[in-house]
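Below you'll find the structure, written out as structure tokens, and then a few comments.
The values are calculated or read from the model by the stated rules, or taken from the named source; none is laboratory data. Values in this document were obtained by computation on a predicted structure and should not be read as measured data. Using ideal geometry, Cβ is built from the backbone for each residue, glycine included, and neighbour counts are taken over all protein chains shown.
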Amino acid sequence: MAKHHKRYIILFLTLALAIVCFVTFLIFGSHYSERIDKPSFKEISGELRAESTEGAVELSNFHAEDDAICFEIHAKHPGEDRIIISDDDDSLYYYKSVYVHYFNIVSVGGFFGRISGDIIVPISLTIILAASFILTIKKYRQSFRKNPYQYHNVSLLSLAIFLGVMVATQLLSLFSSRGIVEVFGSILTSFSLFSVTSIPVAVIMSLLCAIAGIHLMHRNGFTWRNMLGTIISVFFGIVCMLPTIIGFITQTSEVFAGVHNLDTLWPFVESTIESCICAFATYLECILIATIAICAAVGRRVPSFDQNFLVILGCQVLPDNTPSKVLGARIDRAIEFRNRQVENGGHEPIFVCSGGQGSDEKISEAQCMCDYLLAHGIKRKNILLEDKSTTTDENLKFSRKLIETKQKNAHIAIVTTNYHVFRAGLIANKYHLRVSGLGTKVRRSFWVNAIIREYAATITTEKKRHLITLLIIFAIVTICELLTYFSMAY
């Protein structure tokens, strides 16, 4: 029962703080103290006077101080009103819309404007975000310990990253963002802040990936596989800078002069487009950071010394039928682990060599690995060959069939390059394999390009999840922008 209740702790906290906010508005919201700095006034002719145009509010305690004009607004009945301050020549010095809501709560400056005691709103939001951040971190750690090879971990870690940014943004603007609209605006500001501050990082990352990609293509040829990391990193750099570019164009170009006309929907459209781009970029950046962190973490893990099978994923075979550097490193890693397991009192594992024959290869990758293992003292009876697969998915799908003919519920270690361990584990989960990852090191120039490819691959695999999330983000951004727009317009 306690675990069941933990699922709804944020909901309960939100409802409790919503009640606190409502009670605060009931207690303090029937009046509002306004202070207007004198420098904003022009030359005054005679005495100033303040009045409400519709009678929904009553003004009192109108007086001038050395540097400001002060007065209090009291609710009389629900409705919309206008407060006007003018002099004896009827020159207008101050004009502001006021709404009296049900329960005689006064909001100044818009339908969702400033309310007495509204500091409780950003405080409540900060508490909710901080609690969500702590619970998300806790849930991520539990999920990772339980099974590091699930995409749910990426979702949790990326959410924790964004919530951390949100908490920091709210703390920095805690006493300057007040009122419902300004709080919604602070959410949009978090997207923009994350996107803008990541521009230097995105540019540096794009340059590093471009350099690494060029180096990789120079060594291994100009193929889409080798170019993919560079293409994606350049795309990220453009996306991060896109909101700034759009804002600059709309601010300076005469073609978009109508964008700044508050009597049209253009301000809302422009702001929504910019906010959505920032939000989408922030989401993809958080996913990228989480993917890199988890790939790095699982790539360094070493399985327990009780593995029944070591599945070595295939890679390129050289023209002389010997393994390439990457494939050789994987086989050597598997042999090293086998030796350590036996030395630590573990049983002899079975090697599963998984990999078909490429169009430019004379023998299958599985046969190449088998020959290498035999040359390094591994007995043939401890080697299984899976020589039909052409993809990682097929590697694990076909290897599973071989393994299940030998043993059910076996402990399996997947041996592959460190950046590839996480995605291989994700695919193994799909086939209900009980796996651990065993990664081999790779050149840094290759790792940078490869990790971007892994990111693109996992994004594609989980495209339905990401599409739903992006639609939710779009809905949240649109609602926040609508509230801001209508509060300003009316």
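Computed quantities for the displayed model
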item: Failed criterion for Tyr149 (all others in (1) part of a loop (DSSP other than H, G, I, E, B); (2) modelled with pLDDT of 70 or more; (3) out of contact with any Leu (no Cβ under 7 Å at 6 or more places or on another chain) hold); result: (3)
item: Test result for Ile105, out of contact with any strand residue (DSSP E or B) (no Cβ under 6 Å at 6 or more places or on another chain), farther than 24 Å from Phe486 by Cα, among the β-branched types (Val, Ile, Thr) and modelled with pLDDT of 85 or more; result: no
item: Only one of Ser143, Ser195, Ser177, Ser132 that is closer than 27 Å to Thr291 by Cα and either surrounded by fewer than 16 Cβ atoms within 10 Å (Cβ to Cβ) or modelled with pLDDT under 85 (or both); result: Ser195
item: Residues located in segment 13-27, provided they are hydrophobic (A, V, I, L, M, F, W, C) and under 10 Å from Ile128 (Cα atoms); result: Leu13, Leu17
item: So Glu462, is it of a type in the set (Asp, Glu), surrounded by 20 or more Cβ atoms within 10 Å (Cβ to Cβ) and touching a residue at least 12 places away in the same chain (Cβ under 8 Å); result: no
item: Checklist (1) modelled with pLDDT under 90; (2) surrounded by fewer than 19 Cβ atoms within 10 Å (Cβ to Cβ) applied to Ala297, failing item; result: (1)
item: Test: Asn409 is touching a residue at least 24 places away in the same chain (Cβ under 8 Å) and over 19 Å from Val342 (Cβ atoms); result: yes
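Residue-by-condition table, conditions (1) in contact with a Gly (Cβ under 9 Å, 6 or more places away or on another chain); (2) at pLDDT 95 or above; (3) more than 18 Å from Phe305 (Cβ to Cβ); (4) crowded, with 22+ Cβ neighbours inside 10 Å:
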site: Glu348; (1), (2), (3), (4): no, no, no, no
site: Phe351; (1), (2), (3), (4): no, yes, no, yes
site: Gly355; (1), (2), (3), (4): yes, no, yes, yes
site: Lys379; (1), (2), (3), (4): no, no, yes, no
site: Ser389; (1), (2), (3), (4): yes, no, yes, no
site: Lys408; (1), (2), (3), (4): no, no, yes, no
site: His411; (1), (2), (3), (4): no, no, no, no
